[in-house]
Each structure stands twice: as structure tokens, then as C-alpha cells.
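The values are calculated or read from the model by the stated rules, or taken from the named source; none is laboratory data. Model, not experiment: these values are computed from the prediction. Quick reminder, even Gly has a Cβ in these numbers, built from the backbone with ideal geometry, and neighbours come from all protein chains shown. Remember, those area values only see protein heavy atoms, side chains included, never the ligands or the DNA or RNA. Shrake-Rupley method; radii C 1.70, N 1.55, O 1.52, S 1.80 Å.
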Amino acid sequence: MNEVLVVSATSSEAAYVPTRLPLLICGIGKVSAAIAVTQTLAHHADTSRLTVLNVGTAGALRPATAGLYVPSVVHQHDISSAPLSSMGYPVVDRYDLPGGDGSEVATGDTFVADPVQRDVLAARAGLVDMEGFAIAQACSHFGVACRLVKVVSDDADEGAMDWPARVDAAARLIGEWLERNVAA
């Protein structure tokens, strides 16, 4: 990797990002993430050697899903892409990401804490987050490489409401991954 920009929704998820790495706290949700990343990339002097690393937590959509993932695919789960496409308005709702581990993450503006919704999303992906797709889309617009690094913090069920108590452990894993995988 040449130059990196680490992007996280919250400062708590980025608590252990090495201080040597540039960090953007974009805010929670697709709109906040898209605005922050677009604004940053638009004002970046040279994006040709830049890789954006979106780090943060994710809910597990399938049983026995735990740990750290570097997804190969990110989906936008809360847009009506099939109906819009059938009316002649094609919508991008998926990006393939380089250097992934084969996992897939579904992004939407819903904090998933309902087992019924979780099970519906599990048909498309193993993880769910709230910013990954928007960050990947902003990067695609600017021709900038994008990777996601997600740590499972919950099972996307009623236990997800304990997220604040679980985020520090996830943030530590993110910091360790960055130390091992991102050069100074």
C-alpha cells in the first residue's frame, strides 16, 4: 500500500488506530460517510496512490461469525435496486473490493438489532454495517482504492444494543491489524 487514509464512523471504533496514520472520523450512516469521504477526496492533492481503509465494527448475520474480516464484497442492502433497474434506472448496489478474505458485508442505514431482519440480510452477506458501501462508492467515484476492515461486535439481534460496551475490544483488534498490515 502506498498512502492510506483510515476512515471510521466513530472515534471509539478508531481508538487504537496508530497515530502515524491519517484518520477521518466520518460519522454514522451512509450519508455522513459519503459526505465526509467525498469532501476529503475532493480536496486531496493526489489520490492516485491513495488507499482508503474503512475500519469499524459490524454485526454478524450468520451463526458462529466472529473476529476480524477484510470483506471482498460490499452491498447496499436498503435500496430498491431491482425495481429501479426494471424501470430503466440502474443502481449500483455492490462493489468488489481488492485483497479481501471472501467475506461480504451489507451496508444500510438501519442499526440491525432484530433477528428477523438479520436473517433476511443473511441471504446476501455474513456481516452488516452502516458506512462501508457509501465509502466504497465515494472511492469508486474518485478512482481511489478502498478496503474494509470489520470486527464483529454483535449478532445483529437484541444484544446489539450493548454495542457501546463491546466497541473497545473491537477497536483493539483493528489497531493491531493496522500495526501488522499498514507500513509507516
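Points worth noting:
- Among L21, A45, S80 the positive-end extreme of the charge dipole of the stretch 1-96 (Cβ point charges): L21
- Annotation: H141 carries an accessible surface of approximately 140 Å², with a 1.4 Å probe and no ligand, DNA or RNA atoms counted.
- Values of log10 I(q)/I(0) for the chain across q = 0.13 Å⁻¹ run -0.61, by the Debye formula with one identical scatterer at each alpha carbon and no solvent.
- Average Cα contact separation per residue, the chain, under 8 Å, 6 or more apart, as relative contact order %: 32 percent
- Computed [θ] at 222 nm, deg cm²/dmol, the chain (DSSP H ≥ 4; -39,500 (n - 2.57); rounded to nearest 500): -9500 deg cm²/dmol
- Overall Cα dimensions of the stretch 20-74, principal axis frame, Å, largest first: 44, 24, 23
- Net charge of Cβ neighbours under 14 Å - reference S32; Lys, Arg +1; Asp, Glu -1: -3
- Charging the Cβ of each Asp and Glu at -1 and of each Lys and Arg at +1, and nothing else, the dipole of the chain about its Cα centre rounds to 480 debye.
- Partnerless cysteines in the chain, where a partner means another cysteine C-beta under 4.7 angstrom, comprise C26.
- Other residues lying with their Cβ under 13 Å from the Cβ of T110 contribute a combined charge of -3, Lys and Arg counting +1, Asp and Glu -1.
- For the pair the stretch 70-91 / the stretch 1-65, the C-alpha centres are spaced 22 Å from each other.
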